[in-house]
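Below you'll find the structure I mean.
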Amino acid sequence: MNTSMNLNTPEMILFDYGGTLSEEGRFDDIAAARAILGCADNPQAASPDAVLALWREVSSLAARRTHPENIGLEIPLTPMLRCVMARAGLTTSLTPLEIEIAFHRQNAVHRPMPFVAELLELLRRKGIRTAVISNITLSGEALRLGIEDCLPNHRFEFVVTSADYVFCKPSPLLFEAAVRKAGLLPDRCWYCGNDFGADVTGALSAGLFPVFLDPSAETEIAMERFKDSDFLRVKSWKSLASYLQTR
């Protein structure tokens, strides 16, 4: 550990979701198509292969989203699923939230990242607030339920997603919305993520202190510089918990 580090303890630590809180595994579009059929009141109206083809077409078109300044724009999952179901002739009595979470639970394996539960328990004991900012097609309400599936013993204060706020990290807009929601100044918040471009540069652009989860790091924890700003690189959440334990 770099013993010269002397960071102020944050009032809140915000987390990315996929690859940070949860190991998502591989997206399974065949399972996703089954989930869509499973939400239908009339599943006999379309074959699994037909629903799969429609889902692949819609998701491929949605992936082409663009913005003149190369800022990612999120297309929420709910209208995509609504489009697939309508084109397949499927109807449902489920709410959009119920369909979202059913889809999320089926399309991949979701398991906690190593040592994240222990880190979150430490933050709870120390009174450090926690929340989530994620680039994801799920609404914040649906992602909250997905996180509770994965980490049932922790409650995040709120969950902010690009599906709810249009713009994707590294745009500062998601971070600014979250900080205002928390009622804090950016410099009282840390942001933890595993994607350097989205998470480190995005957090810095909004004035938050970034913590970069990098399992390939040569040291357990180290302060580094990026464009004249500091960020913390950690090899695992165990490394960060060990550091915070002493604060």
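Please report the net charge: other residues with Cβ closer than 11 Å to the Cβ of I101, K and R +1, D and E -1. All intermediate terms of the calculation are to be shown ahead of the outcome.
On the way: positive: R105, R144; negative: E98, E100, E141, E148, D149.
Value of the local net charge: -3.
Hey, if you put +1 on the Cβ of every Lys and Arg and -1 on every Asp and Glu Cβ in the range 99-146, which of S139, I101, L119 ends up farthest toward the positive end of that dipole?
L119
Please compute the modelled spin-label separation between K126 and D214, points set 7 Å along Cα→Cβ, answer in nm with one decimal.
With each label placed 7 Å out from Cα toward Cβ, I get 2.1 nm.
Assuming 0.36 nm per residue, please report the length gained on full extension of the stretch V109 to E148 beyond their Cα-Cα distance. Don't skip to the answer; put the middle values down first.
Working: separation 39, 0.36 × 39 = 14.04 nm, distance 1.42 nm.
Extending this stretch completely gives an extra 12.6 nm.
Measure out, as a whole number of angstrom, how far apart the alpha-carbon centroids of the range 116-147 and the range 185-247 sit.
Answer, in whole Å: 16.
From a point 7 Å beyond the Cα of E57 in the direction of its Cβ, which residues of the range 26-50 have a backbone N at a distance under 11 Å?
Correct set: 50.
Where nothing but the Cβ of Lys and Arg (+1) and of Asp and Glu (-1) is charged, how large is the charge dipole of the chain around its Cα centre, in debye to the nearest 20?
My answer is approximately 280 debye.
What are the principal axis extents of the Cα atoms in the range 67-148, in Å, biggest first?
Sorted largest first, the three principal extents are 51, 37, 20 Å.
Moving on to the next point. Which order do I75, I147 take by accessible area at a 1.4 Å probe, largest first?
Values: I75 60, I147 5 Å².
Ranked list, largest accessible area first: I75, I147.
Going from most exposed to least, what order do E74, E224, E118 have by accessible area with a 1.4 Å probe?
Values: E74 25, E224 60, E118 110 Å².
Largest accessible area first, the residues go E118, E224, E74.
Using only the Cα atoms, what convex hull volume per residue in Å³ does the range 41-115 have?
Details: hull volume 9.8 nm³, N = 75.
Cα convex hull per residue, to the nearest whole number: 131 Å³.
Could you work out the relative contact order of the range 25-99? I mean the mean sequence separation of Cα pairs under 8 Å and 6+ apart, divided by the number of residues, in percent. Numbers along the way, then the final one.
Details: 63 pairs, mean separation 31.6, N = 75.
Relative contact order here is 42 percent.
Which whole-number percent is the relative contact order of the chain (Cα, under 8 Å, 6+ apart)?
On the way: 437 pairs, mean separation 59.0, N = 247.
Computed over the chain, the figure is 24 percent.
So with the 1.4 Å probe, I'd like the accessible area per residue for the range 1-139, rounded to whole Å². Spell out each step's value before the answer.
Working: 7020 Å² over 139 residues.
The answer is 51 Å² per residue.
Pick out, from L77, P43, T130, the residue whose Cα sits farthest towards the positive end of the charge dipole of the range 19-152, with +1 on the Cβ of Lys and Arg and -1 on the Cβ of Asp and Glu.
The listed residue farthest towards the positive side: T130.
Place a +1 charge on the Cβ of each Lys and Arg in the range 1-122 and a -1 charge on the Cβ of each Asp and Glu, then give the dipole magnitude about the Cα centre in debye, rounded to the nearest 20.
Computed charge dipole of the range 1-122: roughly 460 debye.
Anyone know which of P79, P186, P114 comes out most mobile in the 10 Å Cα GNM of the chain?
Its mean-square fluctuation being the largest, the pick is P79.
Would you kindly give the portion of the calculated P(r) for the chain that falls above 23 Å, as a percent of all Cα pairs?
Values: 15866 of 30381 pairs.
Looking at the chain, the distances longer than 23 Å represent 52 percent of pairs.
Evaluate the distance, in nm, between pseudo-label points positioned 7 Å from the Cα of F27 and of L73 along their respective Cα→Cβ axes.
Rounded to a tenth, the inter-label distance reads 1.9 nm.
Could you give me the percent of Cα pairs per 5 Å distance bin for the range 98-213, shortest bin first, beginning at zero and ending with the bin that holds the maximum distance?
Histogramming the range 98-213 at 5 Å steps yields 2, 11, 21, 24, 23, 14, 5, 1 percent.
Here is a follow-up. With an 8 Å Cα cut-off and a minimum separation of 6 or more residues, compute the relative contact order for the range 128-247 in percent.
Numbers: 189 pairs, mean separation 20.0, N = 120.
After rounding, I find 17 percent.
From largest accessible area down, sort E98, E148; use a 1.4 Å probe on the protein chains. Display every interim value, and only then the final one.
On the way: E98 85, E148 55 Å².
If we order E98, E148 from most to least accessible, we get E98, E148.
Using only DSSP helix segments of four residues or longer, with each worth -39500 (n - 2.57), what per-residue ellipticity at 222 nm results for the chain after dividing by its residue count and rounding to 500?
Working: 10 runs with 99 residues, N = 247.
-11500 deg cm²/dmol, from helical runs alone.
The values are calculated or read from the model by the stated rules, or taken from the named source; none is laboratory data. In this text the structure is predicted, and so the values were computed from the model without any measurement. No Cβ is skipped: glycine too gets one built from the backbone with ideal geometry, and neighbour counts run over all protein chains shown. Surface accessibility is based on the protein's heavy atoms, side chains included, excluding ligands, DNA and RNA. Shrake-Rupley method; radii C 1.70, N 1.55, O 1.52, S 1.80 Å.
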